[in-house]
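This report refers to the structure that appears directly beneath it.
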Amino acid sequence: MSFTLPALTYALDALEPFIDAKTMEIHHGKHHQAYVDNLNKAIAGTPNEGKTLGELVAVAGTISPAVRNNGGGHWNHTFFWESLAPHAGGTPTGALGDAITTTFGSFDAFKEKFAAAGATRFGSGWAWLIVKDDKLEVSSTPNQDNPLMDVAEVKGMPILGVDVWEHAYYLKYQNRRPEYLGAIWNVINWTKVGERFAAAK
Ligand code: MN3
């Protein structure tokens, strides 16, 4: 059994104008596909073949860099596509909205902290909102690492992840990563993030 690229649940141009169709086409169809293909190659004929993606990610520090990077890439991008939706964004409500206000002071303060985590991640990586010891926390990881990995500086259960690799925004935003991180709030699927929050508690 090998890993496969999950189909998007929305059209490539559905996140316009915030994330352009060409970026989505290349990001999902080329970059994510490559992580899947390279992960399958890296585990073929090894004891890691047949393990779940979650099992591989949990032991990232003890497996080959190819499995760590491509397994992380597959996990992170699958999670990212599900974190986004057309006609989404707005302000999270319910238990998640309350927890964000309690933890960060306000939704705007949270957004600032999250964007800062993404903007200051040197090189390529990810910004995260995680649940750690029943509390919300903002963190970031390098490359294709994530907070579920044994190697993560800050470990926890991710409920939102945003890709800050240049391939995620360069066609539209070029070097303006903060602008991309400002626009992405328009397409965050807070319903999904709220479900993850409920499951993580
Ligand atoms: Mn990416």
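The values are calculated or read from the model by the stated rules, or taken from the named source; none is laboratory data. These figures come from a predicted structure and were not determined experimentally. When we count neighbours, we look across all protein chains shown, and the Cβ atoms used for this are built from the backbone with ideal geometry, even at glycine. With ligands, DNA and RNA removed, areas are computed over all heavy atoms of the protein, side chains included. Shrake-Rupley method; radii C 1.70, N 1.55, O 1.52, S 1.80 Å.
Tabulated data
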quantity	calculated
Meets criteria (touching a residue at least 40 places away in the same chain (Cβ under 8 Å) and not hydrophobic (A, V, I, L, M, F, W, C)) for residue 173	no
Residue, nearest to the ligand (Cβ to nearest atom), within the stretch 1-16, restricted to residues that are open to solvent by 60 Å² or more (accessible area, probe 1.4 Å) and touching a residue at least 12 places away in the same chain (Cβ under 8 Å)	12
Among the candidates 166, 179, 153, 112, residue that is among the charged types (D, E, K, R), in contact (Cβ under 8 Å) with a residue 24 or more places away in the chain, open to solvent by 20 Å² or more (accessible area, probe 1.4 Å) and out of contact with any strand residue (DSSP E or B) (no Cβ under 6 Å at 6 or more places or on another chain)	166
Matching option when the condition is touching a helix residue (DSSP H, G or I) at 6+ places or on another chain (Cβ under 8 Å), within 16 Å of the ligand (Cβ to nearest atom) and not in a loop (DSSP other than H, G, I, E, B), among 171, 136	171
Given (1) part of a loop (DSSP other than H, G, I, E, B); (2) within 16 Å of the ligand (Cβ to nearest atom); (3) at negative phi, number of the condition residue 123 does not satisfy	(3)
Pair list, Cβ < 6 Å and 6+ apart or interchain, from the stretch 42-54 residues that are surrounded by 10 or more Cβ atoms within 10 Å (Cβ to Cβ) to residues that are in a loop (DSSP other than H, G, I, E, B)	43/49
Subset of the stretch 64-106 (residues that are open to solvent by 10 Å² or more (accessible area, probe 1.4 Å), in contact with a helix residue (DSSP H, G or I) (Cβ under 6 Å, 6 or more places away or on another chain), in a helix (DSSP H, G or I) and among the hydrophobic types (A, V, I, L, M, F, W, C))	66, 75, 104
Odd one out for residue 186 among (1) in contact with a helix residue (DSSP H, G or I) (Cβ under 9 Å, 6 or more places away or on another chain); (2) closer than 17 Å to residue 20 by Cβ; (3) assigned to a helix (DSSP H, G or I)	(1)
Tabulated pairs, the stretch 61-84, first at negative phi and free of Cβ contacts under 8 Å to residues at least 60 places away in the same chain, second away from the ligand (no atom under 12 Å from the Cβ) and polar (S, T, N, Q), C-beta under 8 angstrom, 6+ apart or interchain	63/48; 66/38; 67/48
Options 146, 186; residue that is in contact with a Phe, Trp or Tyr (Cβ under 7 Å, 6 or more places away or on another chain), in contact (Cβ under 8 Å) with a residue 60 or more places away in the chain and away from the ligand (no atom under 16 Å from the Cβ)	186
